[in-house]
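Bear in mind these aren't lab numbers, they're just calculated from the coordinates by the rules spelled out. Being a predicted model, the structure only gives us computed values, none of them experimental. When we count neighbours, we look across all protein chains shown, and the Cβ atoms used for this are built from the backbone with ideal geometry, even at glycine.
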Amino acid sequence: MSNVNVKTASATLLLLLVYVFLTATWPAMAERSEAPKNDDVHGMLEKSLSVAEIDKEMVRITQEKQQLLESMTETDAELARQSLKLEQKREQAGKVLRTYYMGEHDRLFASLLSSDSWTSFFTILDYIDLIITHDKQTLDKYIGEYRGLQERQAAQEAKQLELLAMENRLKLQRQRVTELERELADQLAGRTDSERLLLLMKELNKFWEEKGLAEVRTYFKALSSAMGKLPEWVQDNKDLLHIKGFQYTITVPEDKLNQFLREQNDVFNDFAFRFEEGLITASGKRDNIEIAISGHYSVQDEPKNGILFHVDDLLFNGFTLPDTTRAALEKEFDLGFYPGLMISFLKAKEVEIKDGELIIRLTLSL
């Protein structure tokens, strides 16, 4: 079988299963006084997809937690070694301070004043300078290592809080999965078509993992790459930038953005952005896989100034994916626009989405 046939067969398997399911169960459903609606089937399939995706998030959190625990264990051991070494440095620093406090170096200065020749004078002076330099190095080294230890201890405390946050996230996701699984079990209970539904759920998740997720990542990767070139594109299209005094405004019409994206990657020939009031939507269909994204921009200042894209909704063939999937994609792919890459002394101040336009207001970075 050719690659095209294999791809087509894989892409249409889910649709065929849905067709078989509906045609096989339609007569029985029609005879029941409270027959389930098609959206009930859609909802159950969507829940099964959410369970699988949240399970993946739980695996990610568990792995991050394990890595953090290993790091904290290593840091604890290092802090113990540093504390022991610092105790030795503290004794040395204390000895230096006691020497000055008790006036034990006074004899050296007295010898300097009572020297009977210039040769003796400069010899004693060099000796004093050597002692003072060594004492200063001892104190500076102790202070530096003490501050370093304090910083590492503070970082370790921050990791403790991060670990607690991870444990809370993991607990929350477990609760979500448990609730979704309970709802699915309740919906499947007593249904004569439960086995077919379970098969549909299995095939949907397989199709998403093997085809859908790769397609979504292809779009996000291409978009991330294109956004990195957007500042240069704005500079080359002077009509997009309006300057009034110290106020700079970038206005990007959706048709020009779509044209720019298609110039960057052919994948956008089947994918288009639309700017609506306060919302960005993008959708496309290729190889029987339909992707729809909606989201918004917000201004951020850290770690660097720019406008950051947030995915509010992500749909795959009409099925809504959970927030964990959206967050993972946002973390993996940077879809931000950074004015500083265009003109170093500018920073984003405000972003607005109006019908057909993306408007970015900039100000001087002082």
Simple label model, 7 Å out from Cα along Cβ direction - ASP355 to GLN67, nm: 4.6 nm
Using a/c under 1.5 as the rounded threshold, could you call segment 164-267 rounded, prolate or oblate? The axes a ≥ b ≥ c are square roots of the C-alpha gyration tensor eigenvalues, and prolate needs a/b larger than b/c, oblate otherwise. prolate
Quick one: dipole size for segment 204-250, taken about the Cα centre, charges +1 on Lys/Arg Cβ and -1 on Asp/Glu Cβ, in debye to the nearest 20. 60 debye
Farthest toward positive dipole pole in segment 210-364 [+1 Lys/Arg, -1 Asp/Glu at C-beta], among ALA292, VAL267, GLY228: GLY228
For 54-63, 71-80, ranked highest to lowest by mean beta-carbon neighbours within 10 Å, the order is 54-63, 71-80
Whole angstrom only: what separates the Cα centroid of segment 298-366 from the Cα centroid of segment 194-219? 29 Å
Given 0.36 nm per residue, what is the gain on full extension from GLU151 to ASN288 after removing their alpha carbon distance, in nm? 43.9 nm
Between ASP239 and ASN269, the two model label points (7 Å from Cα along the beta-carbon direction) sit apart by a distance in nm of 2.6 nm
Output the peptides 160-172, 222-234 sorted from most to least packed, where packing is the average of other Cβ atoms within 10 Å over each peptide's residues. 222-234, 160-172
Report, as a whole number in µm² per second, the diffusion coefficient that Stokes-Einstein gives for segment 210-364 at 37 °C and 0.692 mPa s using the Kirkwood radius over alpha carbon pairs. 205 µm²/s
At a Förster distance of 41 Å, what's the computed FRET efficiency of SER344 paired with ARG191, Cβ-Cβ distance as r, to 0.05? 0.05
Within segment 310-337, which residues have the backbone N less than 16 Å from the label spot 7 Å out from LYS221 along Cα→beta-carbon, could you tell me? 329-335
Calculate the spin-label point distance for PHE246 paired with HIS310, positioning each point 7 Å from the Cα along the beta-carbon direction, and give it in nanometres. 2.9 nm
